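Step one of this worksheet: look at the structure below.
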Amino acid sequence: MVQRSGNLSINSENIFPIIKKWMYSDHDIFVRELISNGCDAITKLKKLDMMGEYRVPEDMKFKIQVIADPEKKTLKFIDNGLGMDADEVEEYINQIAFSGATDFLAKYKDKTNEDQIIGHFGLGFYSAFMVAEEVHIDTLSYKQDAQPVHWECDGGTEFSMKEGNRTEVGTEITLFLNEDCYEFSNEYRVREIIEKYCSFMPIEIFLSKEGAEQEYETIEENELLDTDTVTETIQVEAKTEEKEKEDGTKEVVEVSPAKKQYKIHKRPRPLNDIHPLWAKHPNECKEEEYKEFYRNVFRDYKEPLFWIHLNMDYPFNLKGILYFPKINTKYDSIEGMIKLYNNQVFIADNIKEVIPEFLMLLKGVIDCPDLPLNVSRSALQNDGFVKKIADYITKKVADKLSGMCKTERENYEKYWDDISPFIKFGCLKDDKFCEKITDYILFKNLDGKYFALPDALKVNDEVEEKEETVVESEVVNPDGSTPEEEEKEPEKRVIFYVTDEVQQGQYIQMFKEQGLDAFIMNHDIDTPFIQQLESKNEKIKFQRIDADLTEEFKEETNEEEMKTLADSLTETFRKALNNEKLDVKVEKLKNLDVSSMVTLSEENRRMQDMMKMYNMYGMDQSMFGGSETLVLNANHTLVKYILENRESEYVPMMCEQLYDLAMISHKPLQPEAMNKFIKRSNEIMLLLAK
């Protein structure tokens, strides 16, 4: 054995600060790196065994051991992989493959660089110096007649290497933690990190505390294994019970036979699952397994609605499971979590380059061994390849949803209210997804029935035949005339919608009475979503049911007569409400129960919603056009009374009441207006009581 000492082959002493500050943003990542190196070493030894270059002992159980010692402030990582001889320690540890800090940065910080050195022992190993003031390596190579090696370094550029005393093939790394990082000698802190980064690594990981008291467990005889250390055999007596027979006499019956139990050293249990569900073929997975995996990984005990199992081998290797979570109310957080893995090694949550933004609402795991990671396994390189992965994931989600709509329509409708915000958000954010899914977007009508977009366009066909179309704008000359030679904008099919079934109840009733239908669109995302649908479909227009009154609700009237009524009532209401800008319309409505109502054009309402969104509500809304229009039903008794008794002392009060009643059916009253309405309602009832 050659005893060696010397300097690490780097030209700058700044390599460790670079590793600490640039390569790894989180100090706890060293646990992942050292365990990953151990897994790599074991995997390589398994391959050598398969190739016949090494024979693994029959009783060998591959594992990674992590031992925390809070007394000595050390942390050990032990594997039984292929180990290293002196020359390999020299190559992988002493000769760091950088010519200096400057070249290091230039070579590996460029995301387009394809030079992949992940899996090389040396680089991951040096993450240990983020938390340790001194590191020791004890290793023994699998090679015949190899001698054990002991290596030490205190975090500078000097090291020492000599013959070691390890007798088993593999590597043991001991970290002597620096003062700022003593927390990592606590086994509970280490457990937390292992569960975060290593829950699905392919080799079993065991954690223990140095010097901890022996723990025990009791097992049945049929559970005893040859590897168990038995400390006590317990004879359990048979259990009997006195029972009464049919003839009234009693007898003693054995309920449970005598048996043996064994007190054994508590079996070590791995912290990870080496066969994660996503690595299996979908045909091998049961529904309960998917649900259990979801509960364990995301700590969410509301069952997911459904899931998509990704399983692709070409042109790249990608596996995973995406869950659609249950969202109970619009106030629930719909922020999801997609965990990204590389060969079962956790990389990060919600990497936007791989996971399209709209899929961030889901929960799931994606494992892609082909991910082009940078040198620290913490960021991605090769944007073109990553985009292909993102496009594939988007396509699979769209295919699942469209397929479900076609073949499992009942389930699709059952899930729709929960998944619609996700799908609509996806349409807003991703044009390709939108193209694939548009015809499978559902609209729920007033009776709770669901229609896909093509069918939704046919709902009001009868109305359309009666000229229920709108023209968005019209070219008007300064004198008010419309030039015949100017081409009007194409007529559009109107899709009516409801945002609040309670608030807009009066309008809904009128719609139903006339055989009209509307769709319920009550989520915050619906406003930008319908605007996108309109922009992509020039022949349709969405209109809230309180935006205007169609001809279906009105009786035929004499235009001159209605103008006279409107002029008279406008003057009366403006005076009573002290509002000279009040817009009043008078119609003869078929529904005699409706005295007054308020309409607001779709364009103005959307503008007001936009102003609210951007906190511009203090601005003068008149600059964006008119506000609400008060519609009075000339067929209603109260309106007729006002027309016939304009000078009555009660008319101002009635005008205010009719206006507030109309507003209440349109939107909630402001606090001051509501107080006045309640007070006025009491006064009216007192008048009736006299």
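Before moving on, here are some points about what is shown:
- Full extension of the segment from GLU555 to ASN675, taken as 0.36 nm per residue of separation minus the current Cα-Cα distance, would add 39.6 nm.
- Rounded if a/c under 1.5, otherwise prolate or oblate - region 145-246, Cα gyration tensor axes: prolate
- For region 531-690: rounded, prolate or oblate by the Cα gyration tensor [a/c cutoff 1.5]: oblate
- Accessible surface of LYS458 - all protein chains present, 1.4 Å probe, nearest 10 Å²: 120
- Region 176-184 - phi-based ³J(HN,Hα) in whole Hz, Karplus 6.51/-1.76/1.60, Gly and Pro as x: 9, 5, 7, 4, 6, 10, 4, 4, 7
- Rounded if a/c under 1.5, otherwise prolate or oblate - region 533-613, Cα gyration tensor axes: oblate
- Amide H contacts of ILE205 (H built 1.01 Å from N, under 5 Å, at least 5 apart or other chain): ILE64, LEU271, ASN272
- The HN-Hα couplings worked out from phi for region 396-410 by the Karplus form 6.51 cos²θ - 1.76 cosθ + 1.60 (θ = phi - 60°) are 5, 5, 4, 5, 4, 5, 5, x, 5, 4, 6, 10, 10, 4, 4 Hz, whole numbers, x standing for Gly and Pro.
- Straightening the chain between TYR314 and LYS239 buys 20.9 nm, computed as 0.36 nm per residue apart minus the Cα-Cα spacing.
- Calculated FRET value between CYS285 and ARG646, using beta carbons and R₀ = 60 Å, to 0.05: 0.20
- When MET161, MET312 are compared by accessible area at a 1.4 angstrom probe, the order from most to least is MET312, MET161.
- Put simply, the amide H of PHE443, placed in the peptide plane, has neighbours under 5 Å in PHE451, ALA452, leaving out anything fewer than 5 places away on its chain.
- In this structure the amide hydrogen of GLY155, modeled in the peptide plane, comes within under 5 Å of the amide hydrogens of VAL135, none closer than 5 places in sequence on its chain.
- Sequence of TYR392, TYR188 from largest to smallest accessible area, 1.4 Å probe: TYR188, TYR392
- Taken one residue at a time, the phi angles of region 78-91 give Karplus couplings (6.51, -1.76, 1.60, θ = phi - 60°) of 10, 10, 10, x, 6, x, 9, 9, 4, 5, 6, 4, 4, 6 Hz. Gly and Pro are set to x.
- Spin-label proximity, ASP226 to region 35-67 - amide N less than 16 Å from point 7 Å beyond Cα toward beta carbon: 57-62
- Residues GLU413, GLU556 ordered from highest to lowest accessible area at a 1.4 Å probe: GLU556, GLU413.
- Which listed pairs, of LYS590/LYS640; LYS581/LYS679; LYS286/LYS414; LYS72/LYS196; LYS63/LYS260, have C-alpha distances above 27 Å, in listed order: LYS63/LYS260
The values are calculated or read from the model by the stated rules, or taken from the named source; none is laboratory data. For clarity, every value in this text was computed on a predicted model and none was experimentally measured. Virtual Cβ from ideal backbone geometry, glycine too; neighbours counted across all protein chains shown. Quick note on the areas: whole protein, heavy atoms, side chains included, nothing else; ligands and nucleic acids left out. Shrake-Rupley method; radii C 1.70, N 1.55, O 1.52, S 1.80 Å.
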